[in-house]
Each structure stands twice: as C-alpha cells, then as structure tokens.
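All remarks here apply to the structure that follows.
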Amino acid sequence: MTETPTLATLTEEQLGELISDSHAFRNQPALRTCLFPPCMRQYDVISCMKGEAPPRPEWSGDGWRVLGSAALAGGGHICPEHVAIVTAHMARPVEVPNGRWMVACACDWMSRPQTYGGLLRPLWEEHVLTVTGALTAPPAVTEPSERLPLADHTEQTLADLYELLEDTDADREQTHDAARAMYKAWDWHRHALGGVSRAVVAVCNMMRTSADFLDHRDWMADRIDAYLWAVLIGFDDDTLTQVAATHRWDEHRVKYVREMRALLAPITTAPATDKES
Ligand SMILES: [Zn+2]
Ligand SMILES: [Zn+2]
C-alpha cells in the first residue's frame, strides 16, 4: 500500500495521475440503458447533451428517444432500433377501483388490474416480448364452456379455478362500487332536474294566470313578454309567425326561440309525476 503523499514527497508522476483521475471523475459517462426489455444498448447522456463525442463510439446518443414521465414507470430511454416497437406499444398506467392499477397499451392490450403498481412495468415488458415473439403467450384460461372432467383435474387446473373465483369476487365488488357511483350520480341529476322542473312550471303557471285572470296581460304585445312566452310556454306555429312579424324577429331569432323551447319542453310539457319515494 502506498502512503498518501504529502506536498513534500509528491512526485511528478503521482501529480499527473491525480490530475488525470480527477479529470476522469469529472467526466464520468452517465449511461442510460434502452427501455426495451432484452436490449442492453446504452448511451452517454452527458456527452450527448453537451453535443460532444461520447467516451466510447458505442455510447453515442444519435437516434435515441426519451420517454416522458407521464408514461409507464416514469418514462425511460429508447435506442434507435426499438423506437418503432416501443412507440407502437406506448403504455400508460390507468387507475381502477379498489386502489388497483392496470396498464393500457396503445395497441389496445390491457393488463389485469394489479394492487401493486410495481408489477405494471414487468407486465408491459411481458406483453411486448409476447408481441414480438420472444415469449410464447401463456395458455389461455380454460373457458367455462369447456368443462374439464373431474379425473383430468390437476393441482394446477384447480389453482387456476380458485384464482378465477377470487378474481370474480374482486370484480363483483368493483362492479358494485361502479353501480353505486352511477346510481348516486343519476339520483343527484334526477333531483336537480326535478327541482328545476318545478321552478319553471311555477313561473309558467304564474304567466298563464296573469294572462287569464290577474291583469289579463297580453303576453304578445311586448317583445320581451312575447319572447319569454315563446320560450317558456310556447306559441303554436301560426301565432309564432304572427308574433315574429309584429316584433320583427328574423328567421334566426325564430329558429333560436324554437330551439330553446324544444330544450325546455321535456321539463315543462311533461307533468312532474316525480313522487318522492
Ligand atoms: Zn433497444
Ligand atoms: Zn401493446
């Protein structure tokens, strides 16, 4: 073992070594490996970013692509050879109920939901390897229609069945949750629309009452009144033509009024039969 030299004992040679060591340390390559599963190609990010020649020719960043962090597993780097295949199978994580995640691939493939997010990347890698033929696809789970005779069952087929059963249990819970969420949303909208309907019908009734009994108001005489009546209650075609002529509504206004009337029709025309249950 050499002792650490002091300033007094330091030789020219040692000084040279120190300088070249520190130089190498400052210029360490920062290698990134290709995202594609079996690919071991690497490139040097530092020299690539600086636009300098890489420390070794095979570490050149020419043609490499960087995948953003929104992609699966926080992104990564793709070598020129695998840009096409990774682009065709660009994947993203998708959250599903019960705190589970799955991978959605650009080719429409989806993984089964997983509780552990760390499994998403390996599942995608398995998918890409299967698609490229490097892996053979796992045998499909036996369809329920093709029932296996009892004598043919093995430990494995039983385990598969139990797994299927557990999956079904989880699926049922998720379906239940989704149905509940949909019911809640529907119920909220039903109540909101019921309230709007009652309020609009109350206004329409007030207008009819004022026309027939209260002050015998002529809702066609004033252009604002006529407009409100046309939208909230509606005129028949002949009356609408007459009102439009009186107040000089052009065809666009008439069309607009008809459109608004049609939008309100379901909540004003249909009687509010919505009994609280
Ligand atoms: Zn590659
Ligand atoms: Zn895919």
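Read-outs: derived from the displayed coordinates by stated rules, not from any lab. Remember, predicted model here, so these are calculated numbers, not experimental data. Backbone-built Cβ (ideal geometry, glycine too); neighbour counts: all protein chains shown.
Which value in deg cm²/dmol, rounded to the nearest 500, describes the helix-derived mean residue ellipticity at 222 nm for the chain, given -39,500 (n - 2.57) per DSSP H run of n ≥ 4 and division by the residue count?
-16000 deg cm²/dmol
Place a +1 charge on the Cβ of each Lys and Arg in the chain and a -1 charge on the Cβ of each Asp and Glu, then give the dipole magnitude about the Cα centre in debye, rounded to the nearest 20.
With Lys and Arg at +1 and Asp and Glu at -1, about 1100 debye.
Once amide H atoms are built 1.01 Å from N in the peptide plane, which residues 5 or more positions from residue 217, or in another chain, come under 5 Å H to H?
Those qualifying (amide H under 5 Å, at least 5 residues apart or on another chain) are 211.
For the chain, which cysteines have no disulfide-compatible partner, meaning no other cysteine Cβ under 4.7 Å?
48, 105, 107, 204
Give, in whole angstrom and from largest to smallest, the semi-axes √(5λ) of the equivalent ellipsoid of the chain, with λ running over the eigenvalues of the Cα gyration tensor.
After diagonalising the Cα gyration tensor, the semi-axes are 71, 36, 19 Å.
Going by average Cβ neighbours within 10 Å, how do the peptides 173-181, 45-53, 9-17 rank, with the highest at the top?
45-53, 173-181, 9-17
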